[in-house]
Every structure is written in structure tokens, then in C-alpha cells.
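A.B. asks: What follows is a single structure, and I will ask about it in a moment.
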Amino acid sequence: MAREPRERNNRDREERDSEFVDRLVHINRVAKVVKGGRRFGFAALVVVGDQKGRVGFGHGKAREVPEAIRKATDAAKRALIRVPLREGRTLHHDVHGRHGAGKVVLRSAPAGTGIIAGGPMRAVFEALGMHDVVSKSLGSSNPYNLVRATFDALKREDSPRSVAARRGIKVSALQARRGDADGASADA
């Protein structure tokens with residue numbers, strides 16, 4: 001009878017873990033030079049998301065590939081961020097991000113565009129559950145820097161609700177202003 005709560009906790013943890021999708025972005029073989037020669041290990045970069053607006057990335061190192069992937073996945077689950085999505089499919093506005101020499105530009109896109117992005121950025125968007133986005137990486141093509149730059153850009157993403165709350169106005173007033181700005185630019 002005492003074992004039942006433990007089994008239930010394990011089952012709950014498995015269900016919670018199964019809601020996440022993980023994408024292996026990059027594996028790197030690393031060497032440590034020791035007296036007898038080289039000791040090889042592996043470094044893994046993994047992106048984890050629930051495809052409903054939460055995503056995280058993690059880095060893990062171990063002597064064996066599966067162990068490195070497991071460590072990276074655990075680190076990614078601990079570092080999840082929530083990203084506001086418009087209609088659950090794209091960004092609210094265009095945004096830039098950078099980390100080191102890696103720079104990215106993310107643009108919202110109309111329905112049906114799909115994910116237009118390179119490898120590391122595509123993994124982030126798929127794990128996030130984004131369906132339409134246009135992105136461009138500028139500068140470094142290092143997967144670690146690209147993933148970090150993408151996360152930097154996603155952290156800068158704001159929803160109209162949060163902007164309205166910050167300014168102390170209603171969302172409808174903010175959306176009306178947006179319509180006025182579009183009309184003014186069309187007249188010019």
C-alpha cells in the first residue's frame with residue numbers, strides 16, 4: 001500500500017515528460033588530452049517544447065551519446081520559457097536577436113507560409129509549435145550561438161495584452177491605434 005504514491009508519481013512524471021517534444025540540434029565530439037592519449041566525449045544541444053508556446057534548450061556532455069542527450073534534455077526542461085503567439089501560429093511582431101556573433105531576424109508571416117528557417121532555428125520553432133514564420137540568420141552559423149540568439153529574440157516578443165497592461169490602456173484601444181497607423185502609411 002505504501003508503494004502506490006511512488007508509482008503514481010512516476011506515472012505523473014512520465015505523462016508530464018511525454019507532453020514535450022525534443023529535437024536534437026547538434027552533437028559534437030570533444031577530446032580531453034590525458035597522459036595515455038585522448039579521452040573522447042560527446043556534447044549535445046537539445047531543444048525541448050510543448051508545441052503550445054513553451055520552449056527551452058539545454059546542453060549536456062558525457063562519455064556516451066545517449067547520456068549526453070539525456071543530460072541536455074533535462075537541462076532544457078528546467079529552462080523553459082513561454083512565448084506569446086498570435087493565433088497560436090506566428091509572432092505578434094518582427095524581432096531581432098543576437099548572441100555573440102550569431103544574429104537572427106524573425107518576422108511574422110501570414111497563414112500557410114510555413115517555417116522558413118535554417119536547421120537550429122527550425123528546431124526551436126517546431127518545438128515551440130509555431131506554424132508560420134520567416135527567419136534569417138546573419139553572422140555566425142554556430143548552432144549554439146544561433147539557438148541562443150533565437151531565444152534572445154523570442155524573449156523580446158510581446159503580446160498586445162502585455163503591452164496594453166504595461167501602458168494602462170485596453171487592448172482594443174491599442175488595436176485601434178494599430179489600424180490608424182496602417183491607414184496613415186497607406187495614405188502616404
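A.B. asks: Cβ neighbours within 10 Å, averaged per peptide: list 71-77, 152-158 in order, most packed at the top.
C.D. replies: Values: 71-77: 20.0, 152-158: 17.4.
Final packing ranking: 71-77, 152-158.
A.B. asks: Rg over Rh of the range 51-188, using C-alpha atoms and the Kirkwood radius, what does it come to? Write down the numbers at each step before the final one.
C.D. replies: On the way: Rg = 17.2 Å, Rh = 16.4 Å.
Taking Rg over the Kirkwood Rh, I get 1.05.
A.B. asks: At 1.4 Å probe size, with the rest of the protein present, what percent of the exposed accessible area of the range 33-188 is carbon and sulfur atoms?
C.D. replies: Details: 4390 of 8520 Å².
After summing per-atom areas, the C and S share lands at 52 percent.
A.B. asks: As a test of reading the structure, rank His131, His59 by solvent-accessible area (1.4 Å probe, protein chains only), most first.
C.D. replies: Numbers: His131 110, His59 85 Å².
The most accessible residue leads, giving His131, His59.
A.B. asks: Once you put a point 7 Å from the Cα of Arg86 and another 7 Å from the Cα of Lys35, both along the Cβ direction, what distance in nm separates them?
C.D. replies: Going from the Arg86 label point to the Lys35 one covers 6.4 nm.
A.B. asks: So what are the three principal axis dimensions of the range 44-120 from its Cα atoms, in whole Å, longest to shortest?
C.D. replies: 44, 29, 19 Å, listed from the longest principal axis down.
A.B. asks: Students often forget the sequence filter, so: which lysines lie under 22 Å Cα-Cα from Lys155 once same-chain residues fewer than 8 apart are removed?
C.D. replies: Lys52, Lys77, Lys103, Lys136
The values are calculated or read from the model by the stated rules, or taken from the named source; none is laboratory data. For clarity, every value in this text was computed on a predicted model and none was experimentally measured. Counting neighbours? That spans all protein chains shown, and the Cβs are built from the backbone with ideal geometry, glycine included. The area values use the complete protein model at the heavy-atom level, side chains included, leaving out ligands, DNA and RNA. Shrake-Rupley method; radii C 1.70, N 1.55, O 1.52, S 1.80 Å.
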